[in-house]
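Written out below as structure tokens is the structure these notes cover.
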Amino acid sequence: MTVAEYIASELKKRGIKYVFGIPGGPSLAYIKAFKAEGIRFILTSNEAAAGIMADVTGRITGLPGICHATFGPGATNLSTGIGGALLDRSPVIAFTSQVPAKMKRRTVQMNIDHQMLFEPITKATTEINNETISDVLNDAFELTMAEYPGPVHIGLPSDQADKEVTVTKNIRDEQNTETQIELDSEILDLLRYSKKPVLAVGLTAKRAQIKGELNAFLAKFPMPVIITPMAKGVISEDNDCYAGVLFHAASDKLNEILQEADLVIGLGYDPVEYNYEAWMPDVPLIHFNTIRTDMPDHLMVRQVVAPVRGILPLIEAVVFEPTAWRKEEISECRHSISRMLMKNSTSFGPVDVINTLNEYLPGNLVLTIDVGSHIHLFGQYWRTGNNRTIFMTNGWSGMGFGIPAAIGAALNIPDKPVACVTGDGGFLMMCGEIVTARRLNLGILFIVLADNELNLIRLKEEKNEIKDFNTELSDQSLLGEKTFLGTPVIRCESKTELENIVSKVYPLDEPLILELLIDPTDYKDLVVV
């Protein structure tokens, strides 16, 4: 087989269905090979969006998401999405076309060193030839999935696609490396004698799918559970032990619980979302995670490096007495956060929006959230329950995530309704992908919270007593028409209008944009900056 045919064949064997990107001339042999193997090449409007779609694909399928870009500007555009996969811990393999080895040091149109570009934002970067491609692919699939999951970059020199592969090797079998977890006497004493422990659950635990273990553990040992934003959904907001989300709206209310704690148990807690020292009380910390984590010297921390799945049953086996927490203590903390949404608004704002969407959107919705003030509200107040799914970026926190993430979700979870919530700033960054959604006939609801400004930046300016500047996006309606790039637009200016629309909007057989003209005043009381 040629190099192009070999790569397509190996992706197919590993269960890959999509490659996201924008082709260049050297890509054509690969796209032809993908088609022959039944792999869909999803054309995007921007390579950064391709990286984000691959990121979300990796999160959903558990297989690496695959994306592609061409020389120079294609690769630099792609790098934004790849950085997201690194800090949001998603398995991704990024292919880029590059000049042949003999031309790498020459002055050539669109030529930059792709390995130097991707080195700081990937777990590894390399390039292939017809002799090394087999080993490189095997290594890439293993490395991208290893903890922490993250992106691997492979350069495809333009003179290699049609060369015959000279060395092929079988896909390596997964190594079953069971880890024997041992807890030393100090950790055992901390667990046994703690009366008021707090469980801090993070991104690694969400990825390990421990929801069942967590519910079973809490039924026997009730204690407050606080979660990081990207762990949302690992526990239902209706669970008696659920306290709230760190870092997001009204999270200062969690101090009511934290000041009573005598121990924090970090379960799959990844500081890439929020460093421990930003919120930890002055108590011991037991940190369970898949890799050793850098910690500040002043924390009283004991680390256990092990798979997160199985930790709670292990703790259960060594803890003998229920905790001293009363359900009322936890519920009062939870309710003090939720009460912030119970005020009567005099104008149509974010509180009206999230209360309406929580009530009227489907119970099995897949929701993607862009970055901005609104993510702090949805991160705290969106109700996942038992069947809703939410995707966001927090380790990377790149604006423009929401729209391409929704497209990736709709392709990989076709049997569930999908919606995206974005501010007008994030919408402007990725609105070209509306055409992608339309071309693919994806029934995604794009909800644009239009306040005509970069509100989160304005709030930070106010906190630092800086006069508002460089945050105004528009002095009129963002869309202002009935269609945008061929997609229907509904403009909404009141809670009643929004209720009428979203209560009957699904099922959708094409994308739809809701432009919500909101007053951003609510953010000032809710967002902790």
Determine which single condition Glu461 fails, assuming it passes every other condition in (1) surrounded by fewer than 18 Cβ atoms within 10 Å (Cβ to Cβ); (2) part of a helix (DSSP H, G or I); (3) touching a residue at least 60 places away in the same chain (Cβ under 8 Å).
-> (3)
Quick check: is even one residue across segment 270-278 surrounded by fewer than 16 Cβ atoms within 10 Å (Cβ to Cβ) and assigned to a helix (DSSP H, G or I)?
-> yes
Selected residue (criterion: nearest to Leu78 (Cα to Cα)) from residues of segment 43-67 that are β-branched (Val, Ile, Thr) and crowded, with 24+ Cβ neighbours inside 10 Å | Ile52
Pairs under 6 Å by beta carbon, first residue without any contact (Cβ under 8 Å) to a residue 24 or more places away in the chain in segment 239-268, partner among the charged types (D, E, K, R) and part of a loop (DSSP other than H, G, I, E, B), six or more apart or different chains?
-> none
Within the bounds of segment 451-459, is there any residue that is within 21 Å of the chain's Cα centre (by Cα) and among the charged types (D, E, K, R)?
-> no
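Yes or no, residue by residue, for (1) out of contact with any helix residue (DSSP H, G or I) (no Cβ under 9 Å at 6 or more places or on another chain); (2) in contact (Cβ under 8 Å) with a residue 12 or more places away in the chain; (3) not assigned by TED's automatic domain parsing to the domain that holds Met53:
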position: Asp294; (1), (2), (3): yes, yes, yes
position: Pro307; (1), (2), (3): yes, yes, yes
position: Gly310; (1), (2), (3): no, yes, yes
position: Ala317; (1), (2), (3): yes, no, yes
position: Cys333; (1), (2), (3): no, yes, yes
position: Leu361; (1), (2), (3): no, yes, yes
position: Leu367; (1), (2), (3): no, yes, yes
position: His374; (1), (2), (3): no, yes, yes
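I need the full set of residues from segment 396-443 which are in a loop (DSSP other than H, G, I, E, B) and surrounded by 24 or more Cβ atoms within 10 Å (Cβ to Cβ), in order please.
Gly400, Phe401
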Exactly one of (1) surrounded by 21 or more Cβ atoms within 10 Å (Cβ to Cβ); (2) touching a Leu at 6+ places or on another chain (Cβ under 7 Å); (3) modelled with pLDDT under 95 is unmet by Thr471. Its number?
-> (1)
Just need a number here: residues in segment 80-112 that are farther than 18 Å from Lys17 by Cα, surrounded by 24 or more Cβ atoms within 10 Å (Cβ to Cβ) and among the small types (Gly, Ala, Ser).
-> 4
Taking segment 444-458 and the residues there that are in a helix (DSSP H, G or I) and surrounded by 20 or more Cβ atoms within 10 Å (Cβ to Cβ), the one that is modelled with the highest pLDDT would be Leu456
Of residues in segment 334-381 being in contact with a Gly (Cβ under 7 Å, 6 or more places away or on another chain) and not polar (S, T, N, Q), the one surrounded by the fewest Cβ atoms within 10 Å (Cβ to Cβ) = Gly363
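Yes or no, residue by residue, for (1) assigned to a helix (DSSP H, G or I); (2) modelled with pLDDT of 95 or more; (3) among the charged types (D, E, K, R); (4) more than 21 Å from Gly212 (Cα to Cα):
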site	(1), (2), (3), (4)
Leu312	yes, yes, no, no
Ala317	yes, no, no, no
Ile330	yes, yes, no, no
Ile337	yes, no, no, yes
Met340	yes, no, no, yes
Ser345	no, no, no, yes
Phe348	no, no, no, yes
Val351	yes, no, no, yes
Among residues belonging to segment 503-522 that are closer than 18 Å to Leu428 by Cα and of a type in the set (A, V, I, L, M, F, W, C), point out the one that is surrounded by the fewest Cβ atoms within 10 Å (Cβ to Cβ).
-> Leu517
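The values are calculated or read from the model by the stated rules, or taken from the named source; none is laboratory data. Note that this is a predicted model, so its numbers are computed, not measured. Positions of Cβ are generated from backbone atoms using ideal geometry, with glycine treated the same way; all protein chains shown enter the neighbour counts.
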